[in-house]
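Since the structure comes first, as structure tokens, the remarks are kept for the end.
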Amino acid sequence: MAIDRVLEQDVVYPPLDDLVDQANVTDFDAEYQRSIDDPAGFWSDWAQRFEWTTPWSSVFDAQFPHHRWFVGAKTNITANALDRHADGPRADKTAIVAVNEDNSSTRYTYAELRNLVSRFASGLQSLGIGVGDTVIIYMPLTIEGIIAMLACARIGAIHSVVYAGMGVGALANRIEDIDAKAVIAGDVSMRRGKPVDLTGNVYGALEEEPVDHVIWFRRETQPQSKGEIQFHDLIRDHEPDCDPVPVDAEHPLFVLYTSGSTGKPKGVVHVHGGYMVGTSYHLRSFFDVKDDDVYWATSDIGWIVGHSYIVYAPLVEGVTTVFREGAPDHPDPGSIWKVSAEHEVNVMFTAPTAIRMFMKHGEEYPQSHDLSSLRLIAVAGEPLNPEAWRWAFTNILEENGYVVDNWWQTELGGPTIGTPITMSAKPGAAGVPLPGVEASVVDADGMHVPRGKGGLLVLNRPFPHMMRTIWDNDARYKQYFDEVPGDVYSAGDVASMDEDGYISILGRSDDVLNVAGHRIGTADVESALIVHDAVAESAVIGIPHEVKGEAIKAFVVLMDGYEATEATTKSLVQHVRTELGPIATPSEIEFREKLPKTRSGKIVRRLLKAEEVGDDPGDLSTLED
Ligand code: ATP
Ligand code: MG
């Protein structure tokens with residue numbers, strides 16, 4: 001399956017000298033080569049920095065589909081994320097800055113955090129929860145949500161965070177799928193200054209799927225039912241006497257369901273050992289985080305970015321991690337920049353959907369705050385349109401910092417393809433395979449497609465922080481390896497690789513357009529549209545067409561101040577024709593107030609398509625309302 005690239009990618013931004021000089025990894029090529037030539041040496045060198053109660057007998061036993069890392073070793077990720085610091089020189093260092101939506105904040109040191117986690121973990125043990133038990137966490141983005149995760153990890157229980165805001169069905173499905181023994185739930189989350197009730201969803205889900213224990217984090221003074229277990233009572237009533245329970249390196253740390261952009265979410269399993277080693281490695285080498293940095297991932301604990309890069313990797317590495325509950329543009333569109341300036345954030349991790357929102361609000365917001373400490377913005381989750389890259393580089397960083405695209409998936413745990421700060425950026429291309437990763441672009445027979453052509457993105461070898469299986473569904477796990485011949489992992493995305501080895505993500509393989517014999521990824525057309533001044537956001541789909549097979553239909557959200565007129569439509573069509581040529585020109589444009597998205601902010605094209613052709617849209621449980 002060859003795919004045509006229609007978007008020219010000609011602008012290259014050289015790396016910034018100041019950033020290259022201070023980089024944690026200065027010789028990327030050498031680093032990469034060693035990771036490929038000597039993976040055992042490479043990963044075990046990094047793993048030495050951690051505490052293992054039992055050493056490994058071999059670094060890996062790694063052949064797709066199944067792979068194991070640090071075989072025979074025992075550890076607990078919280079021994080490394082908490083005790084290693086709380087018992088050492090970082091005891092009084094700020095581990096977490098918890099920011100509320102009104103921008104007030106609370107700081108927790110490593111010693112304080114360990115104390116809270118240890119108390120809560122003792123509380124969980126007092127309920128009979130222990131190694132291997134599964135716990136659903138349905139909590140707002142709060143310190144309590146993070147304590148819940150770390151406490152489960154500490155006692156060897158397996159957590160599964162469900163984004164607070166998922167509906168009854170999604171919550172009940174996940175309780176059932178992992179056979180949860182307990183649910184830790186909040187009563188409200190805060191969004192745009194208002195409490196959003198979660199209790200209704202919890203009661204609804206528990207009615208369908210009862211569990212042994214429910215622990216409530218009540219922030220509102222709502223009526224409580226008798227005998228209800230309160231989150232803060234567990235903390236208050238227990239001593240900080242729960243040491244981390246050593247578990248096998250391959251013991252599951254958590255199950256996290258994928259975003260559901262393309263269908264039913266999959267329960268991805270990550271483990272204590274390899275996940276700790278791999279995600280922390282990329283925090284240092286790819287995100288280039290230093291010991292004294294303040295680091296902010298604007299995600300939520302409900303997503304993989306929140307697991308790996310709000311919670312685990314920054315704490316494992318003993319740095320200061322920031323989170324903020326609520327909408328990034330509330331109380332006003334400059335809130336995110338106000339918080340960045342106030343806490344002197346050095347490295348930020350955000351999503352294309354957020355950048356597009358900032359663009360829509362306008363450059364005056366970042367520009368009216370002192371963002372001089374910010375040197376890196378990493379962006380992942382969807383294709384980062386070149387226009388969004390340029391906007392962030394110019395208007396947020398004022399060309400004094402770097403924007404790095406990075407591609408990965410819930411399944412992969414951490415950055416997999418990306419542009420290291422020592423390399424030139426090519427907006428529109430995610431970058432190159434990162435250390436430990438071997439990636440290729442192939443056709444359905446597994447043969448490499450020529451450079452510049454699109455095909456299926458596959459990974460040729462495992463790495464420590466890649467998922468181990470799909471929870472209770474190893475057959476589903478094996479499907480990732482059945483798509484393409486050879487023992488390779490199919491990502492489900494289409495991509496192309498250029499002469500320099502840079503990989504561009506062209507879209508989901510399910511969404512590929514097929515116009516007059518040309519197969520085109522959605523990202524190229526959407527990126528061309530977004531260059532137009534009138535366009536804030538767009539999604540394209542193929543609709544059946546008698547002659548061409550498919551014609552392109554574009555859904556467009558306009559920038560403030562633009563009108564959905566005939567003239568706008570004409571101008572957009574003409575613009576895409578000039579940018580991409582006649583093949584990729586939309587034959588229809590529909591203006592929308594907003595696009596359907598998952599709760600994690602990803603455009604769901606399959607819903608637009610189903611509406612258009614009258615098909616069943618499939619699983620919509622993760623859709624934003
Ligand atoms: P599901 O697998 O349930 O359909 P999902 O794939 O959206 O949901 P995630 O694991 O959250 O679930 O997202 C991973 C996907 O996000 C990737 O497969 C890719 O399509 C997209 N993605 C992530 N980062 C990038 C990036 N930097 N550029 C382009 N696409 C990206
Ligand atoms: Mg996916």
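The values are calculated or read from the model by the stated rules, or taken from the named source; none is laboratory data. Values in this document were obtained by computation on a predicted structure and should not be read as measured data. We place every Cβ from the backbone using ideal geometry, glycine too, and count neighbours over all the protein chains shown. Heavy atoms of the whole protein, side chains included, go into the accessibility calculation; ligands, DNA and RNA do not. Shrake-Rupley method; radii C 1.70, N 1.55, O 1.52, S 1.80 Å.
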ask   = For Val379, are the conditions met, namely being free of Cβ contacts under 8 Å to residues at least 40 places away in the same chain and within 16 Å of ligand 2 (Cβ to nearest atom)?
value = no
key: Members of the stretch 52-73 that are open to solvent by 40 Å² or more (accessible area, probe 1.4 Å) and in contact with a Lys or Arg (Cβ under 6 Å, 6 or more places away or on another chain)   = Thr53, Thr54, Asp61
query = Could you list, in sequence order, the residues of the stretch 383-405 that are more than 16 Å from ligand 1 (Cβ to nearest atom), buried (at least 22 other Cβ atoms within 10 Å of the Cβ) and either at pLDDT below 95 or not in a loop (DSSP other than H, G, I, E, B) (or both)?
reply = Ile396
ask   = How many residues are in a helix (DSSP H, G or I) and either of a type in the set (A, V, I, L, M, F, W, C) or outside the structural domain of Ser587 (by TED's automatic domain parsing) (or both) when one looks only at the stretch 512-546?
value = 6
message = Residues that are within 16 Å of ligand 2 (Cβ to nearest atom) and outside the structural domain of Val556 (by TED's automatic domain parsing): does the stretch 612-619 have at least one?
response = yes
key: Any chance Val25 is surrounded by fewer than 13 Cβ atoms within 10 Å (Cβ to Cβ), aliphatic (A, V, I, L, M) and part of a loop (DSSP other than H, G, I, E, B)   = no
request  = Kindly indicate whether Tyr502 is among the aromatic types (Phe, Trp, Tyr) and within 16 Å of ligand 2 (Cβ to nearest atom).
outcome  = no
Subset of the stretch 490-499 that is within 12 Å of ligand 2 (Cβ to nearest atom) and not charged (D, E, K, R) - its residue that is farthest from the chain's Cα centre (by Cα) = Ser490
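Every residue, every condition in (1) in a strand (DSSP E or B); (2) within 24 Å of the chain's Cα centre (by Cα); (3) not hydroxyl-bearing (Ser, Thr, Tyr), yes or no:
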residue	(1), (2), (3)
Ala30	no, no, yes
Asp45	no, no, yes
Asp61	yes, no, yes
Arg84	no, no, yes
Gly88	no, no, yes
Ala91	no, no, yes
Asn103	no, yes, yes
Glu112	no, no, yes
Failed condition for Ala551, given (1) at pLDDT 95 or above; (2) assigned to a loop (DSSP other than H, G, I, E, B); (3) over 30 Å from Trp303 (Cα atoms) = (2)
key: Criterion: under 29 Å from Ile229 (Cα atoms), open to solvent by less than 30 Å² (accessible area, probe 1.4 Å) and modelled with pLDDT of 95 or more - qualifying residue of Asn76, Asn115, Asn103   = Asn76
task = Go through (1) buried (at least 20 other Cβ atoms within 10 Å of the Cβ); (2) outside any helix (DSSP H, G or I); (3) touching a helix residue (DSSP H, G or I) at 6+ places or on another chain (Cβ under 8 Å) one by one and return the number of the condition Val484 breaks.
result = (3)
query = What is the one condition in (1) within 25 Å of the chain's Cα centre (by Cα); (2) outside any loop (DSSP other than H, G, I, E, B) that Gly156 does not satisfy?
reply = (2)
request  = Just name the residue that is nearest to ligand 2 (Cβ to nearest atom) out of those in the stretch 419-440 that are over 18 Å from Val11 (Cβ atoms) and part of a strand (DSSP E or B).
outcome  = Ala439
task = Read through the list (1) assigned by TED's automatic domain parsing to the domain that holds Ala47; (2) open to solvent by less than 20 Å² (accessible area, probe 1.4 Å); (3) closer than 28 Å to Ala584 by Cβ, then give the number of the only condition that Glu411 fails.
result = (3)
key: Leu558 being in contact (Cβ under 8 Å) with a residue 24 or more places away in the chain and either small (Gly, Ala, Ser) or within 18 Å of Met359 (Cα to Cα) (or both)   = yes
query = When you go through Asp498, Asp510 one by one, which is the residue that is within 18 Å of Asp10 (Cβ to Cβ) and of a type outside the set (Ser, Thr, Tyr)?
reply = Asp498
task = Answer with yes or no whether Thr258 is open to solvent by 10 Å² or more (accessible area, probe 1.4 Å), within 15 Å of ligand 2 (Cβ to nearest atom), on the phi < 0 side of the Ramachandran plot and in contact with a Pro (Cβ under 7 Å, 6 or more places away or on another chain).
result = yes
